[in-house]
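See below for the structure under consideration.
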Amino acid sequence: MKRRAACATALSAIVAGVLVVAGPASAAPSTQVVQGEVLRLVSIADWDAASSLLPGQPVQWDVTVSAEAPDPGTVAVGISATGGAALRVDALRCAQEWHEGGCSGGATTLESGWSISLDGVEVPLVEMADTEVAHLRLVIALDGEDGGSTHVRVHARGAGESATIGPDGGLATTGGAPFAPWAIGGALALVATGAALSSVRHRGATRPGECRS
């Protein structure tokens, strides 16, 4: 009985180890800043999630645009996309910084359920005084099952300066979730565990200290 209990404990440890190996690491949003002489763009998004979008699982991208211009003027903000994965975008603007609960005082909808063009042409979103700050939230989801990768950029222009911000890699990669190293390790551990159990099961006799199923 003691040997069986020890075997059960060992097997539980193996299974727990497999689950630890097989579980994906939690990703956290990253911050990117583009600072010019006048324009400042701050981007916050979970690009790990954005690089492997799946149908029905949108990604949230917050972009703050501000300016410090020497003379009064305006700042134009737009968005563009190039690639092969069709995307649907909701674009919102908040008067204050976004927080976990959303937008205090309510957000203004700029675009809703918009199938963004993939030709790289910039589409206007906001035109504001250079004394204002645009707190934008883009909710981006796959629009269909087409495979491929798509790059999305937010543009700002004002006071004779232009700036662009966006992920270095493709924002959307379709065709199924990637086979990450943790998944491969988990699969190998499961195969090894199965082989060990099979070997024990087919053994005719059990030597001292061995487990028998």
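The values are calculated or read from the model by the stated rules, or taken from the named source; none is laboratory data. Everything quoted here is computed from the prediction, not taken from an experiment. Ideal geometry is used to build each Cβ from the backbone, glycine not excepted, and the neighbour counts take in all protein chains shown.
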Next on the checklist: Conditions first: (1) surrounded by fewer than 15 Cβ atoms within 10 Å (Cβ to Cβ); (2) within 25 Å of the chain's Cα centre (by Cα). S162 passes all but one, so which condition is the exception?
Outcome noted: (2)
Checklist entry - In the set G83, G101, G113, G78, which member is surrounded by 17 or more Cβ atoms within 10 Å (Cβ to Cβ) and within 21 Å of the chain's Cα centre (by Cα)? => result G83
Checklist entry - In segment 36-81, what residues are out of contact with any strand residue (DSSP E or B) (no Cβ under 8 Å at 6 or more places or on another chain) and assigned to a strand (DSSP E or B)? => result none
Item to check | Residue tally, condition hydroxyl-bearing (S, T, Y) and in contact with a Gly (Cβ under 7 Å, 6 or more places away or on another chain), over segment 31-58 | outcome: 1
Next on the checklist: I want to confirm something. Restricting to segment 129-149 and keeping residues that are over 15 Å from V63 (Cα atoms) and either in contact with a Phe, Trp or Tyr (Cβ under 9 Å, 6 or more places away or on another chain) or not in a loop (DSSP other than H, G, I, E, B) (or both), which single residue is modelled with the highest pLDDT?
Outcome noted: A129
Item to check | Filter pass, V154 being touching a residue at least 24 places away in the same chain (Cβ under 8 Å), surrounded by 18 or more Cβ atoms within 10 Å (Cβ to Cβ) and of a type in the set (V, I, T) | outcome: yes
Checklist outcome for this item: Checked segment 82-117 for anything under 23 Å from G144 (Cβ atoms) and either among the basic types (K, R) or assigned to a loop (DSSP other than H, G, I, E, B) (or both); matches are G84, A85, A86, R88, I116, S117
Checklist entry - Of the residues R40, R88, R93, which single one is in the same structural domain as R153 (by TED's automatic domain parsing), in contact (Cβ under 8 Å) with a residue 24 or more places away in the chain and under 13 Å from A156 (Cβ atoms)? => result R40
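Check segment 113-123 and report whether any residue there is more than 18 Å from S80 (Cα to Cα) and either in the same structural domain as G36 (by TED's automatic domain parsing) or in contact with a His (Cβ under 6 Å, 6 or more places away or on another chain) (or both).
So far as segment 113-123 goes, no, none of its residues is more than 18 Å from S80 (Cα to Cα) and either in the same structural domain as G36 (by TED's automatic domain parsing) or in contact with a His (Cβ under 6 Å, 6 or more places away or on another chain) (or both).
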Item to check | Selection from segment 30-53 of residues that are loosely packed, with under 15 Cβ neighbours inside 10 Å and either closer than 17 Å to L87 by Cβ or not aliphatic (A, V, I, L, M) (or both) | outcome: S30, T31, Q35, E37
Next on the checklist: I'd like the full set of residues that are within 25 Å of the chain's Cα centre (by Cα) and under 27 Å from A69 (Cβ atoms), limited to segment 116-132.
Outcome noted: V121, E122, V123, P124, L125, V126
